[in-house]
Amino acid sequence: MSDSTPAPRFALGTFSVAGAPPFPGLVMAERVVALNALVPLCKRLGGELRGAGSLLSLLDEWALNEKALAQAAAYLQGSADAFADLSVPVGVLKTHAPLEQPRQIFCSGANYRKHVIDLIVDQARDPEVQGMTREQRLEYAVKLMDERGANGTPYIFSKAWSSITGPFDSIPLPANVEQPDWELELAVVIGKPAFHVARAAAYDHVAGYTIVNDITNRELVHRQDLKALGSDWVMSKCMPGYLPMGPYLVPAAFVPTPQDVHITLKLNGEVKQSESTADMIFSIPRLIEYLTSRVRLWPGDVLLTGSPSGNGSHTNRFLRAGDMLEGSIAGLGTQRNVCVADET
């Protein structure tokens with residue numbers, strides 16, 4: 001391969017076939033190569049691929065493994081026969097969430113300017129806006145977000161990894177919830193231990209990005225019986241299937257402008273969310289800086305960066321059995337999930 005040949009773009013995912021245990025794979029040109037099959041190839045190319053049994057173990061030594069994967073991808077790009085021998089079409093495999101059991105999941109709440117303004121105006125839960133007209137609430141919300149962006153700090157909470165489901169799996173809607181809502185988000189995947197990380201060094205700790213849909217029972221977010229304690233994120237966000245993830249983990253090298261990628265969510269084919277990540281109040285480096293000021297992050301940890309405007313709460317249209325959610329982020333792929341009634 002000449003120096004002028006661009007490095008091949010690849011992604012990483014977790015797959016299975018015929019009910020066998022899931023395995024991690026490298027994705028190129030709509031084909032998948034199992035990472036275990038790349039171990040001898042990487043060695044032959046002078047590299048070393050460690051932790052090929054899962055994406056989580058692969059991320060534990062991401063700096064080493066990223067180089068080995070890049071070498072292998074470049075070789076496969078230039079050798080059609082070898083690529084064909086080692087790979088299978090992605091369509092014959094079941095695609096799982098790329099990380100089914102990360103160590104930690106953190107969520108950045110209220111991090112898109114238009115989204116927060118919509119929530120304040122539509123739900124009118126803030127005591128400060130009680131009695132205001134819609135126009136007054138809008139004026140109040142705009143000023144509040146301007147002040148928060150200039151002088152505020154992020155708001156971050158955690159979510160249970162047991163809520164993770166695959167990018168094409170169904171989303172079970174329990175009978176005892178009233179307002180299940182969608183929140184499509186760009187998720188950051190950490191690539192090396194991070195603690196007290198300065199904003200300028202934040203991207204050095206990012207392995208890549210994926211898509212998540214942070215399904216939320218809107219009526220359970222605010223505890224009316226314990227108002228002083230605020231939000232109940234466990235009951236509102238942590239049910240099984242409430243975090244579709246994927247389809248892939250795309251290495252950061254192939255996402256040069258994560259702060260300006262487009263997010264689109266469709267409900268039954270109708271666009272509901274359509275916004276750039278540029279609408280974030282707090283940038284990805286600022287989120288990492290803030291979170292690691294007190295929390296230690298590990299490889300494979302997932303940081304949700306917030307969801308743009310266009311949620312169901314804006315029009316009082318919440319998820320129902322039979323609904324199809326299609327979530328896309330430019331350069332990261334598309335996930336499709338059908339909502340079903342949870343019979344358990």
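The values are calculated or read from the model by the stated rules, or taken from the named source; none is laboratory data. Note that the structure is a prediction, hence the values are computed from the model and not measured. Accessible surface areas use protein heavy atoms only, side chains included; no ligands, DNA or RNA. Shrake-Rupley method; radii C 1.70, N 1.55, O 1.52, S 1.80 Å.
With a 1.4 Å probe rolled over the protein heavy atoms of all chains, the accessible area of Arg223, Arg294, Arg103, Arg44 falls in the order Arg294, Arg44, Arg103, Arg223, largest first. Note on region 223-273: semi-axes of the ellipsoid equivalent to its C-alpha gyration tensor, largest first and rounded to whole Å, are 31, 17, 14.
If you bin all the Cα-Cα distances of region 110-153 at 10 Å, starting from zero, the percentages per bin are 30, 57, 13. Taking a straight line from the alpha carbon of Lys192, these lysines sit under 20 Å away, with near neighbours fewer than eight places off in the same chain left out: Lys67. In the full protein context, the chain carries 44 Å² of accessible surface per residue, based on a 1.4 Å probe and ignoring ligands, DNA and RNA.
Per-residue SASA remark: Tyr248, around 40 Å² accessible (1.4 Å probe; ligands, DNA and RNA not included). Database remark: amide H of Lys272 closer than 5 angstrom to the amide H of Leu265, Lys266, Leu267 (H placed geometrically; neighbours at sequence offset of 5 or more, or on other chains; Pro and chain starts carry no H). From the Kirkwood radius over Cα pairs of region 154-219, Stokes-Einstein at 25 °C and 0.890 mPa s returns a whole-number translational diffusion coefficient of 169 µm²/s. Hydrodynamic analysis of region 108-185 uses the Kirkwood radius over alpha carbon pairs. Inserted into Stokes-Einstein at 20 °C and 1.002 mPa s, it gives a translational diffusion coefficient of 142 µm²/s.
Ellipsoid semi-axes for region 1-97, based on the Cα gyration tensor and the rule √(5λ), read 21, 16, 11 Å when sorted largest first. Computed in the context of the full set of protein chains, the accessible area of region 59-109 at 1.4 Å probe radius has 53% of its extent on carbon or sulfur.
Ligands, DNA and RNA left out, the accessible area of region 240-344 computed with a 1.4 Å probe is 51% carbon and sulfur. Legend: translational diffusion of region 126-284 by Stokes-Einstein, Rh = Kirkwood radius over C-alpha pairs, 10 °C, 1.306 mPa s; D = 87 µm²/s.
Enter the angle in degrees (range 0 to 90, nearest 10) between the Cα long axis of helix 113-123 and the first principal axis of the Cα atoms of the chain, meaning the one along which they spread out most. Tilt of helix 113-123: around 40 degrees. One quarter of the convex hull surface built on the alpha carbon atoms of the chain amounts to 18.8 nm², the projected area averaged over directions. The sum of -39500 (n - 2.57) across all DSSP H runs of n ≥ 4, divided by the residue count of the chain, sets its helix-only mean residue ellipticity at 222 nm to -7000 deg cm²/dmol.
Mind checking which aspartates and glutamates have their C-alpha under 17 Å from Lys266, skipping anything on the same chain fewer than 8 residues away? Within the straight-line cut-off, Lys266 pairs with Asp169, Asp181, Glu183, Glu185, Asp214, Glu275, Asp323, Glu326.
The lysines whose alpha-carbon is closer than 29 Å to the alpha-carbon of Lys227, local same-chain residues fewer than 8 away aside, are Lys114, Lys143, Lys159, Lys237.
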